[in-house]
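Participant: Before we start, here is the structure in question, set down as structure tokens.
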Amino acid sequence: MLKKTRIMTPGPTPVPVDVLLEGAKETMAHRTPEFKKMLANASEGLKKVFRTGDHVFILSSSGTGALEASVANTVSPNDKVITVVGGKFGERWAELCKAYGANMVKIDVEWGDCVKTEQIEKALKENPDVKVVFTTLSETSTGVVNDIKPIAKVVGKTDAILVVDAVSGLIAEPLEMEKWGIDIAVAGSQKAFMMPPGLAFVAVNGEKAWNRIEKTRSPRYYFDLRAYKKKYTDTPYTGAVNLVYQLNKALEMIEDETLEKIWNRHAIFANAMRKGIQAIGLKVFSKKPGNVLTAVTVPEDVDGIEFLRVTSKEYGMYFSGGQGKLAGKIFRVSNLGYVDRLDMISAMATIEMAMYKMGKHVPIGSGVKAVEEMLMEGDE
Ligand SMILES: *Cc1c(COP(=O)(O)O)cnc(C)c1O
């Protein structure tokens, strides 16, 4: 049967044709006034989405490059740091801090749950010499969104800085760097930016963050943020020219829709998917689900790996599986970025049909009905 490919994965996400076409334009030399202007424009747009008046740097790498840049620029060997580990991406912070020789205080959070502000407060009290707290806005591996605002308040009262992995959360969920007092936040192009993979962003907000960066003794070269600051808004190395064209187009589309409306859209869609999942008798895995994706517990009598094979091979619909210890135990349906109402209905319909096909006789149409009802309510 003919099928179209649909990616409902939390990165990469679908890319609008207008953004794709920008990438097809002729590559220009990167040391030209035209390209400099494009970089300056993109930097301005990025400040608006990160909600900071300070600097946002554009790196040519996947999101992990921005995570590594944050660690390399803030952690010296033996520096005490706090990492919050409640999933694969929290784990990545811990792995990076280990690689840079940090003296780590790890806050282990049950996968599927969020970190409590009190846990961070307590760890900071017990370890007044902590230099950096690393946490995650949207823990993409579990579908959980952490409450960053109170965390920023607590960290703000200490000498430590707060670094937030907002790779999948930025633009989908509210994040206010300046208002909440977040020192460093990072994002990547292939999530809510509606772009292909390849760019990563590091936002540095305020004196406290800059002082830490200056004091850090870890070796760094390509990811040395001081080099990016010196050249700002230009780029110290060859810019990913065509991706920057795409970034400008995507930022323009985001500004047109407005951040507030985009946050609202993500909230409506994620809520609709949760209701749909429950309507067919399945369970949402996350204890505090965010608006980025829905992590669904695979029923005991269903093979989670085979389910993903059926949805992609039979229907061209790509969901994500569980990562690390959640492999085979959950599947994840993204509503991140360039996703519309009918995408959500298609995703729900695919889940119902694939489950049914695999012998799990869910009430066909019940999920779709619930999704439609929630979407129509959201329209009002
Ligand atoms: C996607 C993602 C990353 C970055 O992963 P890359 O594969 O390096 O782009 C980091 N953190 C979170 C929370 C993510 O969702």
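Participant: Would you be able to tell me the number of residues in the stretch 343-373 that are part of a loop (DSSP other than H, G, I, E, B) and closer than 30 Å to residue 109 by Cβ?
Facilitator: Residues of the stretch 343-373 part of a loop (DSSP other than H, G, I, E, B): 358-365.
Then drop every residue that is not closer than 30 Å to residue 109 by Cβ, which leaves none.
Here the count works out to 0.
Participant: Determine the pairs where a residue that is within 18 Å of residue 341 (Cβ to Cβ), located within the stretch 249-268, has a partner that is assigned to a helix (DSSP H, G or I) and basic (Lys, Arg) with Cβ atoms under 9 Å apart, the partner being 6 or more residues away or on another chain.
Facilitator: 257/265; 268/341
Participant: Further question: Can you pull out every residue in the stretch 133-190 that is away from the ligand (no atom under 16 Å from the Cβ), in a helix (DSSP H, G or I) and in contact with a helix residue (DSSP H, G or I) (Cβ under 6 Å, 6 or more places away or on another chain)?
Facilitator: 149, 150, 152, 154, 177, 180
Participant: So, in the stretch 94-132, of the ones that are within 16 Å of the ligand (Cβ to nearest atom) and of a type in the set (A, V, I, L, M, F, W, C), which residue ends up surrounded by the most Cβ atoms within 10 Å (Cβ to Cβ)?
Facilitator: Step by step, filter the stretch 94-132, then rank; the result is 111.
Participant: Just a yes or no: is a residue in the stretch 94-103 aromatic (Phe, Trp, Tyr), part of a loop (DSSP other than H, G, I, E, B) and within 29 Å of residue 239 (Cα to Cα)? Even if it seems obvious, please write down each step before you answer.
Facilitator: Within the stretch 94-103, the subset aromatic (Phe, Trp, Tyr) is 100.
Next, from what is left, pick out any that are part of a loop (DSSP other than H, G, I, E, B): 100.
If we keep only those that are within 29 Å of residue 239 (Cα to Cα) as well, we get 100.
Yes - at least one qualifying residue is present in the stretch 94-103.
Participant: Taking the condition of being more than 17 Å from residue 51 (Cα to Cα) and in a loop (DSSP other than H, G, I, E, B), how many residues in the stretch 194-213 meet it?
Facilitator: Qualifying residue count, the stretch 194-213: 5.
Participant: A further question follows. Which one is farthest from residue 259 (Cα to Cα) among residues in the stretch 47-93 that are more than 12 Å from the ligand (Cβ to nearest atom), in contact with a Ser or Thr (Cβ under 9 Å, 6 or more places away or on another chain) and in a helix (DSSP H, G or I)?
Facilitator: Here the residue is 72.
Participant: Sort out which residues of the stretch 283-342 are in a loop (DSSP other than H, G, I, E, B) and among the basic types (Lys, Arg), and write them in order of number. Walk me through it before giving the result.
Facilitator: Step one: of the stretch 283-342, the residues in a loop (DSSP other than H, G, I, E, B) are 285-288, 290-292, 298-303, 316, 319, 322-323, 327-329, 335-340.
Answer for the stretch 283-342, where residues must be in a loop (DSSP other than H, G, I, E, B) and among the basic types (Lys, Arg): 287, 288, 329.
Participant: Please go through the stretch 123-175 and pick out each residue that is hydroxyl-bearing (Ser, Thr, Tyr) and under 18 Å from the mean Cα position of the chain (by Cα).
Facilitator: The first filter runs over the stretch 123-175 and keeps only residues hydroxyl-bearing (Ser, Thr, Tyr), leaving 135-136, 138, 140-142, 158, 168.
Result: 135, 136, 138, 140, 141, 142, 168.
A short reminder: the numbers here are calculations on the coordinates, not readings from a lab. It should be emphasised that the depicted structure is a prediction, and the values quoted were computed from it without experimental measurement. We place every Cβ from the backbone using ideal geometry, glycine too, and count neighbours over all the protein chains shown.
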